[in-house]
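J.: Before I ask anything, here is the structure I am working with.
The values are calculated or read from the model by the stated rules, or taken from the named source; none is laboratory data. Computed from a predicted model, the values in this text were never measured in an experiment. Because the Cβ atoms are built from the backbone with ideal geometry, glycine has one as well, and the counts that use them run over all protein chains shown. Surface areas here come from the heavy atoms of the whole protein model, side chains and all, with no ligands, DNA or RNA. Shrake-Rupley method; radii C 1.70, N 1.55, O 1.52, S 1.80 Å.
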Amino acid sequence: MSRLVSVVTVFHNRARHVAASVGSLLAQTHDSLEIIVVDDGSSDGTATELRKLQDHRLDVRVQENTGFTIAIDRAVRSAKGDVIAIHGSGDISAPTRIKRQLAALEAHPKVVVAGCMVTNEASELRLPTSNRVLGTAMDFTELLQTYPMTHGEAMFHKPLFERVGGYRPFFQLGQDYDLWLRMAEHGSFLTVPEPLYRRRQFENSINTNALKLMAQAHYGDFAKQCAVIRERHGYDPLERFGNAGALMARPSSELSSKLGSMGLKELLRDNDEVSRILIAASLNKGKNIRSLGAAALANLKNCAPAAFGRVAGLWTRGRD
């Protein structure tokens with residue numbers, strides 16, 4: 001029998017997507033699987049839908065809500081396989097996903113996490129987040145400059161997961177990037193150049209909520225600061241000072257620019273209240289062209305709506 005891979009997926013209130021999403025895992029061509037499916041306190045019948053599925057490879061666990069980070073950490077730690085594949089609830093894994101990613105891990109001993117190309121619901125490929133060539137390894141320095149992969153597509157070695165301390169509960173909306181940065185200190189990352197994973201969009205997901213994206217950006221920036229301090233000074237602020245370590249986070253021009261862009265995007269969508277929050281957060285993290293520009297446009301919209309409309313029109317046409 002081939003190597004056991006434990007697939008871990010955590011559901012919360014996505015009952016309508018259970019059959020297709022978990023079904024894509026049951027259809028894998030890799031023949032040695034443990035599929036751990038956690039219902040983390042759903043209230044919409046997710047548990048009922050999960051119990052309808054019958055397969056010896058399935059380990060369905062229904063529990064009180066603990067939050068995603070704690071739930072997935074516990075599930076990974078309890079897995080029987082020494083290789084873990086994450087699968088986002090509601091997403092779809094292609095039949096050969098596990099087989100191809102496992103082959104990549106086994107063919108490249110220095111690779112600690114393997115991802116794949118990802119499509120969205122419109123079957124559009126996610127573009128690489130850096131200039132690297134797909135199928136080549138990404139090291140720690142490159143990882144600091146970009147987000148390497150979506151969480152749901154990842155496959156990694158469980159012993160290393162345990163060695164670096166697993167998911168840290170502090171990073172509620174950025175637990176994967178924090179984990180990647182700690183794993184990257186022990187090896188490299190690789191993206192299999194095949195579209196093996198389809199990511200879905202849901203109303204209650206992080207990617208459809210601007211304020212959750214703002215929080216995620218803060219968590220990601222702090223995770224990066226922790227990684228740099230570990231590399232340069234040999235300690236982790238979160239481990240040394242607990243959650244208070246986050247209060248010591250430094251101003252970040254990169255975070256300021258990102259929040260400014262997000263604020264401008266919401267401004268153009270006429271989501272003015274959220275835009276004000278994002279732009280204020282951007283200015284708080286540092287003043288630069290992006291943050292100051294977003295603030296100026298917000299002020300223009302408030303004081304001279306017609307002029308803002310013309311600027312917005314030019315901006316939109318320039319991006320098309």
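J.: Could you check the spin-label model distance between V62 and C303? Points 7 Å from the Cα along Cα→Cβ, value in nm.
T.: Output for this residue pair reads 6.0 nm.
J.: Something else about it: Could you tell me the extents of the stretch 45-109's C-alpha atoms along the three principal axes, largest first, rounded to whole Å?
T.: 41, 24, 21
J.: Further, regarding this structure: Fully extended, how many nm does the chain gain between D139 and A103 (0.36 nm per residue separation, minus their Cα-Cα distance)?
T.: 11.0 nm
J.: Accessible area per residue for the chain in Å², computed with a 1.4 Å probe and the full protein assembly in place, what is it? All intermediate terms of the calculation are to be shown ahead of the outcome.
T.: On the way: 15510 Å² over 320 residues.
About 48 Å² of surface per residue is accessible.
J.: Over the stretch 8-128, what is the percentage of antiparallel beta bridges among all DSSP beta bridges, to the nearest 5?
T.: Here the antiparallel bridges make up roughly 10 percent for the stretch 8-128.
J.: Take the Cα pairs of the chain, get the Kirkwood Rh, then feed it into Stokes-Einstein at 20 °C and 1.002 mPa s and tell me D in µm²/s.
T.: 102 µm²/s
J.: In terms of the ratio Rg/(2.2 N^0.38 Å) built on C-alpha atoms, what value belongs to the stretch 16-72?
T.: In units of the globular-protein estimate, the stretch 16-72 measures up at 1.14.
J.: Based on the alpha-carbon set only, what is the convex hull volume of the stretch 1-126 divided per residue, in Å³?
T.: 115 Å³
J.: Convert each backbone phi in the stretch 224-240 into a coupling constant with the Karplus relation 6.51 cos²θ - 1.76 cosθ + 1.60 (shift: θ = phi - 60°), then list the ³J(HN,Hα) values in order as whole Hz, x for Gly and Pro.
T.: Using θ = phi - 60°, the values come out as 5, 5, 4, 5, 5, 5, 4, 5, 8, 10, x, 9, 10, x, 6, 6, 6 Hz.
J.: So for M183, M248, M214, what's the accessible-area order with a 1.4 Å probe, most first?
T.: So, going from the largest accessible area down, we get M248, M214, M183.
J.: What size of dipole, in debye to the nearest 20, comes out for the chain about its Cα centre when the only charges are +1 on Lys and Arg C-beta atoms and -1 on Asp and Glu C-beta atoms?
T.: Taking the Cα centre of the chain as origin, the dipole is about 620 debye.
J.: Once you mark the GluC sites (Glu not before Pro) that are in a DSSP loop and have at most 16 other Cβ atoms within 10 Å, what is the longest gap between them in the chain?
T.: 204-320
J.: Across the Cα atoms of the stretch 142-295, what radius of gyration and what greatest pairwise Cα-Cα distance (Dmax) are found, in Å?
T.: 16.6, 48
J.: When the helix-only estimate is applied to the chain (DSSP H runs of n ≥ 4, each -39,500 (n - 2.57), divided by the residue count), what is the mean residue ellipticity at 222 nm, nearest 500 deg cm²/dmol? Intermediate values should be presented prior to the final figure.
T.: Numbers: 13 runs with 145 residues, N = 320.
My calculation for the chain gives -14000 deg cm²/dmol from helical runs alone.
J.: Ignoring any ligand, DNA or RNA, what whole percent of the accessible area of the stretch 160-284 comes from carbon and sulfur when the probe is 1.4 angstrom?
T.: Roughly 49 percent of what the probe reaches on the stretch 160-284 is carbon or sulfur.
J.: Also, quick follow-up: Starting from one equal scatterer on each C-alpha and no solvent at all, send me the Debye-based log10 I(q)/I(0) for the stretch 144-232 at q = 0.15, 0.16 Å⁻¹, two decimals.
T.: After summing over all Cα pairs, the log10 values are -0.63, -0.72.
J.: If you don't mind, there's one more thing I want to ask. Taking all pairs of different Cα atoms in the stretch 159-203, averaging 1/r and flipping that mean, what Kirkwood radius in angstroms comes out?
T.: Numbers: mean 1/r = 0.0793 Å⁻¹.
Every distinct Cα pair counted, the radius reaches 12.6 Å.
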